[in-house]
Amino acid sequence: MPIVFAAAVSHAPGVTAWPDAAPPEQKDAIYAAYHKVRDDLAAAGADAVVMLTSEHWTNFFFDQMPAYCVGRGAQFDGPVEPWLNIPRTRVPGDPELAAGILDALYAAGINPSFSDDLELDHGTMVPVHFLLSGTTTPVVPIILNTLAEPMPSAESCFRFGAALGAYLADADRRVAVIATGGLSHAPGERAHGTVDSDFDAAFLADMAAANHDALRAIDHDRMAAAGGGTHEIRAWIALSAATGGWPGRLLTYHAVKPWATGFGLMEFSPAV
Amino acid sequence: MSLYQLQKLCRDVNRDPAARESFLADRAAFLDGYELSAAERDALAALDMHRLYDLGVHPLLLRPFTIINGVSEPDYLAAIRGET
């Protein structure tokens, strides 16, 4: 059946690790937006959440770097960061849904990696914490390589998302899809703290309009120029493809200097 | 130069509590466990963050590694920016 809910959310760790370092109006707007996404997700009655996400050298390294890794485990533990202010949690997985997704992707000629044993870092645990605390909703994390070149291109991620969406549209499950990461940020780089507001504004406009021609053409180097963390927006691109082009409504966006990230949250639906 | 080994060392310290403990207990001995160039070894021994950055250590490997070495964010940024 069609996806029951879709949203895209940033996961800068400052949001839980040092929330009050941010200007109160920014922090309050972001928390309110996260709570709205949580409530709208709950109201949608999903029986599973597919999370298009990224990570930060937790599971993968240069010894083995998948472009995409579907988490097929029965459960996932996280966060790995003790400083995140998110309690160590066991997040239920959905091996059957993950297996169905994998079969469909392979049938479509897309051959992602898979893992039955992933630890989750802030990339996935921040949205899980805000959106699914207190629920038993299982999660299928799909980790995209946004760390080490070569990364899957925007075009490749778009096609990945489209194949995922096609499978979910026919599957007999009520599935929500959440993309996480972005927007522009340059953690640990010389440009740390700089946010490319122009890039973010243009990207958010293209996401809101489901401008697929633009989204699938976003250049790797253009993302890199906005900061190495900007590569995470590939998850958002895949999400737009997975919905088949749902328009988006921006809940909030702020360039949060103390979290060194352009932080945004957006919800998508067939009729905005 | 063996950027893979250099980054592997940072990643092992960041990710593996036992490796972190070994590293903090005896840094020189820990470095012996990796095939590093002289430049890489020197940069690590001196915690020359500017040099490590320019040697190509990924920022998301380097910054956590410096946190484990007790470096504050302002000091880290000043170092990699060549302001110190």
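Could we say that A:GLY123 is within 17 Å of the chain's Cα centre (by Cα), within 14 Å of chain B (Cβ to nearest Cβ), in a helix (DSSP H, G or I) and buried (at least 22 other Cβ atoms within 10 Å of the Cβ) here? I'd like the intermediate steps shown before the answer.
Values: within 17 Å of the chain's Cα centre (by Cα): yes; within 14 Å of chain B (Cβ to nearest Cβ): yes; in a helix (DSSP H, G or I): yes; buried (at least 22 other Cβ atoms within 10 Å of the Cβ): yes.
Here the answer is yes, as A:GLY123 does meet what is asked.
What helices (runs of 4 or more DSSP H) completely inside segment A:169-272 contain at least 2 residues that are within 25 Å of A:ASP28 (Cα to Cα) and open to solvent by 10 Å² or more (accessible area, probe 1.4 Å)?
Qualifying helices (runs of 4 or more DSSP H): A:197-208.
(1) closer than 17 Å to A:SER115 by Cα; (2) surrounded by fewer than 18 Cβ atoms within 10 Å (Cβ to Cβ); (3) touching a Leu at 6+ places or on another chain (Cβ under 8 Å): which one isn't true of A:ALA67, the others all being true?
Checking A:ALA67 against (1) closer than 17 Å to A:SER115 by Cα; (2) surrounded by fewer than 18 Cβ atoms within 10 Å (Cβ to Cβ); (3) touching a Leu at 6+ places or on another chain (Cβ under 8 Å), the one that fails is (2).
State whether the residues of segment A:206-216 include one that is touching a strand residue (DSSP E or B) at 6+ places or on another chain (Cβ under 8 Å), basic (Lys, Arg) and under 30 Å from A:ILE101 (Cα atoms).
Checked against the condition, which is being touching a strand residue (DSSP E or B) at 6+ places or on another chain (Cβ under 8 Å), basic (Lys, Arg) and under 30 Å from A:ILE101 (Cα atoms), segment A:206-216 yields no hits at all.
What are the residue pairs meeting all of these: first residue in segment A:131-146, first residue more than 28 Å from A:HIS231 (Cβ to Cβ), second residue of a type outside the set (Gly, Ala, Ser), Cβ atoms under 8 Å, and 6 or more apart or on different chains?
A:THR136/A:PRO92
What are the pairs with Cβ atoms under 8 angstrom where one residue, in segment A:180-197, is within 14 Å of another protein chain (Cβ to nearest Cβ) and the other, located anywhere, is among the basic types (Lys, Arg)? Sequence gap at least six, or different chains.
Going by the 8 Å Cβ cut-off, the qualifying pairs are A:GLY181/A:ARG234; A:PRO187/B:ARG63; A:GLY188/B:ARG63; A:ARG190/B:ARG81; A:GLY193/A:LYS257.
Return a yes/no flag: does segment A:236-245 have any residue that is within 16 Å of the chain's Cα centre (by Cα) and closer than 29 Å to B:PHE65 by Cβ. Before the answer, list the steps.
Start the filter on segment A:236-245 by keeping residues that are within 16 Å of the chain's Cα centre (by Cα), which leaves A:236-243.
Adding the requirement that they be closer than 29 Å to B:PHE65 by Cβ leaves none.
No, segment A:236-245 contains no residue that is within 16 Å of the chain's Cα centre (by Cα) and closer than 29 Å to B:PHE65 by Cβ.
Please indicate, with yes or no, whether at least one residue in segment A:202-221 is at pLDDT 95 or above, more than 30 Å from A:ASP39 (Cβ to Cβ) and within 14 Å of chain B (Cβ to nearest Cβ). It would help to see each step written out before you state the result.
So the first thing to find is which residues in segment A:202-221 are at pLDDT 95 or above, and the list is A:202-221.
After this cut, where a residue has to be more than 30 Å from A:ASP39 (Cβ to Cβ) as well, the list is A:213-214, A:216-221.
Subset that is within 14 Å of chain B (Cβ to nearest Cβ): none.
For segment A:202-221, residues at pLDDT 95 or above, more than 30 Å from A:ASP39 (Cβ to Cβ) and within 14 Å of chain B (Cβ to nearest Cβ): absent.
Determine whether A:ALA99 is without any contact (Cβ under 8 Å) to a residue 40 or more places away in the chain and either of a type in the set (A, V, I, L, M, F, W, C) or in a strand (DSSP E or B) (or both).
The answer is yes for A:ALA99.
Determine which single condition A:PRO82 fails, assuming it passes every other condition in (1) surrounded by 15 or more Cβ atoms within 10 Å (Cβ to Cβ); (2) modelled with pLDDT under 95.
In the conditions (1) surrounded by 15 or more Cβ atoms within 10 Å (Cβ to Cβ); (2) modelled with pLDDT under 95, A:PRO82 misses (1) alone.
Output the residue which, of all residues in segment A:148-159 that are of a type outside the set (Asp, Glu) and in contact with a Lys or Arg (Cβ under 9 Å, 6 or more places away or on another chain), is farthest from the other protein chains (Cβ to nearest Cβ).
Taking the candidates together, the pick is A:ARG159.
For segment B:65-84, give me each residue that is more than 9 Å from the chain's Cα centre (by Cα), at negative phi and within 11 Å of another protein chain (Cβ to nearest Cβ).
Residues satisfying the conditions are B:ILE67, B:GLU73, B:PRO74, B:TYR76, B:LEU77, B:ALA78, B:ALA79, B:ILE80, B:ARG81, B:GLU83.
A:GLY134 passes all but one of (1) out of contact with any helix residue (DSSP H, G or I) (no Cβ under 8 Å at 6 or more places or on another chain); (2) open to solvent by less than 70 Å² (accessible area, probe 1.4 Å); (3) assigned to a loop (DSSP other than H, G, I, E, B); which number fails?
(2)
The values are calculated or read from the model by the stated rules, or taken from the named source; none is laboratory data. Small disclaimer: the values here were computed from a predicted structure and weren't measured. For neighbour counting, all protein chains shown are included, and Cβ atoms are generated from backbone atoms with ideal geometry for every residue, glycine included. Just the protein is used for accessible areas: all its heavy atoms, side chains included, with ligands, DNA and RNA removed. Shrake-Rupley method; radii C 1.70, N 1.55, O 1.52, S 1.80 Å.
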